[in-house]
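Down below is the structure, laid out as structure tokens.
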Amino acid sequence: MSRQDRLVTDQEELIEIIRRCQVIHIGMHDGEDIYVIPMNYGYTWENNKLTFYLHGALEGKKIDLLKKNGRIGFEVDCDHELVEGKVPCQFAFKFASVAGTGTARILEESQEKIQAMEYLMKQYSDREFEFTERLVSIVSLIRVEVDTFTGRVRK
């Protein structure tokens, strides 16, 4: 990283950034190309291990690609604010971000899927929801076990 002054190394600060953000971008292998999409997410931070939970349709390109190769890259960013300058090269943007790599696995068992939905909803609401096997049967839920991640902040 060329800007060491923007590097975030404190794990509590990294998890706080993940908590504040709303959308995760995941990049998947698509042959010789990369396919990147935005998704909603939930997460856990347990025993110094970060895990993301994602949801989507039962079928489609994302599911097909993850079945072929579960290795992904991810990025979340938030706290956006334009910093204006006197000349174009002085314009900048404040932000906080976390990026890394991991392995995605499509969840099959109902109890795992219910737990994943609980983590997802915790990210966006303080309310508690009840999920049934039928409800989670109509969506794909994906668990991403994170291998590496780093953060950057520009204040």
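Can you tell me which residue among Lys49, Lys86, Lys61 is of a type in the set (Lys, Arg), without any contact (Cβ under 8 Å) to a residue 60 or more places away in the chain and loosely packed, with under 11 Cβ neighbours inside 10 Å? Walk me through how you get there before you give the answer.
Numbers: Lys49 fails: without any contact (Cβ under 8 Å) to a residue 60 or more places away in the chain; Lys61 fails: loosely packed, with under 11 Cβ neighbours inside 10 Å.
Just one listed residue meets the conditions, Lys86.
Among the candidates Asp79, Asp126, single out the residue that is open to solvent by 70 Å² or more (accessible area, probe 1.4 Å), modelled with pLDDT under 95 and touching a helix residue (DSSP H, G or I) at 6+ places or on another chain (Cβ under 8 Å). Can you show your working first?
Numbers: Asp126 fails: touching a helix residue (DSSP H, G or I) at 6+ places or on another chain (Cβ under 8 Å).
Criteria check complete, one pass: Asp79.
Of the conditions (1) outside any loop (DSSP other than H, G, I, E, B); (2) under 28 Å from Arg134 (Cα atoms); (3) among the charged types (D, E, K, R), Glu59 clears all except one; give me its number.
Of the numbered conditions (1) outside any loop (DSSP other than H, G, I, E, B); (2) under 28 Å from Arg134 (Cα atoms); (3) among the charged types (D, E, K, R), the odd one out for Glu59 is (1).
Can you confirm whether the stretch 28-40 contains a residue that is closer than 16 Å to Arg143 by Cβ, open to solvent by less than 80 Å² (accessible area, probe 1.4 Å) and touching a Phe, Trp or Tyr at 6+ places or on another chain (Cβ under 6 Å)?
Yes, that holds for at least one residue.
Test each condition in (1) modelled with pLDDT of 95 or more; (2) out of contact with any Pro (no Cβ under 9 Å at 6 or more places or on another chain); (3) under 30 Å from Asp126 (Cβ atoms); (4) open to solvent by 30 Å² or more (accessible area, probe 1.4 Å) for Glu12 and report the one that comes out false.
Exception for Glu12: condition (1).
Can you confirm whether the stretch 64-75 contains a residue that is polar (S, T, N, Q), modelled with pLDDT of 95 or more and farther than 28 Å from Glu13 by Cβ?
Within the stretch 64-75, one or more residues are polar (S, T, N, Q), modelled with pLDDT of 95 or more and farther than 28 Å from Glu13 by Cβ.
One residue is enough: does the stretch 64-75 have a residue meeting the conditions free of Cβ contacts under 8 Å to residues at least 12 places away in the same chain and surrounded by 11 or more Cβ atoms within 10 Å (Cβ to Cβ)?
Within the stretch 64-75 (the criterion being free of Cβ contacts under 8 Å to residues at least 12 places away in the same chain and surrounded by 11 or more Cβ atoms within 10 Å (Cβ to Cβ)), the answer is yes, since at least one residue qualifies.
Has the stretch 40-58 got any residue that is closer than 18 Å to Val153 by Cβ and more than 17 Å from the chain's Cα centre (by Cα)?
no
Which condition from (1) in contact with a helix residue (DSSP H, G or I) (Cβ under 8 Å, 6 or more places away or on another chain); (2) hydrophobic (A, V, I, L, M, F, W, C); (3) surrounded by fewer than 13 Cβ atoms within 10 Å (Cβ to Cβ) is the one that Val98 breaks?
Every condition holds for Val98 apart from (3).
The values are calculated or read from the model by the stated rules, or taken from the named source; none is laboratory data. All values derive from a computational prediction rather than experimental measurement. When we count neighbours, we look across all protein chains shown, and the Cβ atoms used for this are built from the backbone with ideal geometry, even at glycine. Protein only, heavy atoms only, side chains kept; ligands, DNA and RNA dropped before computing areas. Shrake-Rupley method; radii C 1.70, N 1.55, O 1.52, S 1.80 Å.
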